[in-house]
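Structure first, then comments.
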Amino acid sequence: MKRKAPLTRGLIRSLLFGLPLLLSACAVSVRPVSAPETIEKLPDVPVRRLRPETGLAEFAEARARIEPLAEKICKAQTSGLNCNFRIGIDPTPDLEPNAFQTQDRLGRPLIIFTSSMLGQLTNNHEIAFVMSHEAAHHIRAHLVREYLNARQAGESLARSAAEIGADAEQIQKAREVGQFVGARVYSKAFELEADELGTIIADYAGYDPRVGVRFFYRLPDPGDLFLGSHPPNEDRIQVVKRTIETYGLN
Ligand SMILES: [Zn+2]
């Protein structure tokens, strides 16, 4: 498969900079998660251990399988959402291991792995599992929903502050606190939603989520922090197991 040009840090920054404007114009509806019965399941691929600091071939294969499948599921389960995924690696050296989902100014969904992220994954099923999880974030419209939650909570708290006679600076502070809380209230639930749909996507792309989920056994556990961004790893593992049973995967 022809490898696409990697995303540069400047491009990512400019895409992120454009996000709030873009999101405020979004109108999206999302249907409940369901197994993609009308979509043909791809044949299984064997477990291939990654060589240290590599994984580019396995990344390209996962992208070739997951990109078209995520697009089909996105089109089947949403309306008003851009389903034309672009999946790439940010080659900027010394970035933290990370994989995330964002979108460009035109609303095109981007899934980005930092180079060091590949060094954290031990086989092709883990790459596919993480990639599918990020695609699921977009299909479930999490960026849009988080933005709307943050805006609503921010304006609500700013109004409350104004009603009790706060000055402009205090009102702005209240708005920022509200936005932070609003963005975090559903953050853990969104992660679990993405784990559920991500498990389905990885399975339909031919990967084994029972192998991919083992990534969570090595991920530092965030614990169960109030207003934390991610749920405990044990909760995520349970969601993946339940999804495999519920949808009869593998
Ligand atoms: Zn996530």
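Read the figures in this text as sums done on the coordinates, not as results from a lab. For clarity, every value in this text was computed on a predicted model and none was experimentally measured. Heads up, the Cβs are rebuilt from the backbone with ideal geometry, glycines too, and the neighbour counts pull from every protein chain shown.
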Q. Projected onto the charge dipole of the range 54-156 (+1 at Lys/Arg Cβ, -1 at Asp/Glu Cβ, origin at the Cα centre), which of Ile87, Gln152, Thr102 gives the Cα projection farthest towards the positive end?
A. Gln152
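As a footprinting exposure proxy, order Phe100, Phe129 by other Cβ within 10 Å, with the fewest listed first.
Working: Phe100 15, Phe129 30.
Ranked by crowding around the Cβ, least crowded first: Phe100, Phe129.
Could you grab the Rg to Rh ratio for the range 51-100? Cα atoms only, Kirkwood for Rh. Walk me through the numbers before you get to the answer.
Working: Rg = 13.8 Å, Rh = 12.9 Å.
On the Cα set of the range 51-100, Rg over Rh gives 1.07.
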Q | Peptides 91-99, 198-206 ordered by average Cβ neighbours within 10 Å, highest first | A | 198-206, 91-99
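Any idea what the alpha-carbon Rg over 2.2 N^0.38 Å comes to for the range 176-227? It would help to have the intermediate numbers written out before the result.
Details: Rg = 14.3 Å, N = 52, 2.2 N^0.38 = 9.9 Å.
Expressed relative to 2.2 N^0.38 Å, the Cα Rg reads 1.45.
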Q.
Among 166-174, 70-78, how do they line up by average Cβ neighbours within 10 Å per residue, starting with the highest?
A. 70-78, 166-174
Q: Normalising by the residue count of the range 38-129, find the relative contact order in percent from Cα pairs under 8 Å and 6+ residues apart.
A: 34 percent
**Q.** Whole-angstrom gap from the range 147-220 to the range 87-123, using each part's C-alpha centre
**A.** 19 Å
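Among Thr38, Thr243, which comes first, second and so on when ranked by fewest other beta-carbon atoms within 10 Å? If you can, show how the numbers build up before the last one.
Details: Thr38 8, Thr243 22.
Ranked by crowding around the Cβ, least crowded first: Thr38, Thr243.
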Q) Fewest first, what order do Val181, Val213 take by the number of other Cβ atoms within 10 Å? A) Val181, Val213
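How big is the Kirkwood radius of the range 135-209, worked out from every pair of different alpha carbons and given in Å to one decimal?
Numbers: mean 1/r = 0.0723 Å⁻¹.
By the Kirkwood definition, the hydrodynamic radius is 13.8 Å.
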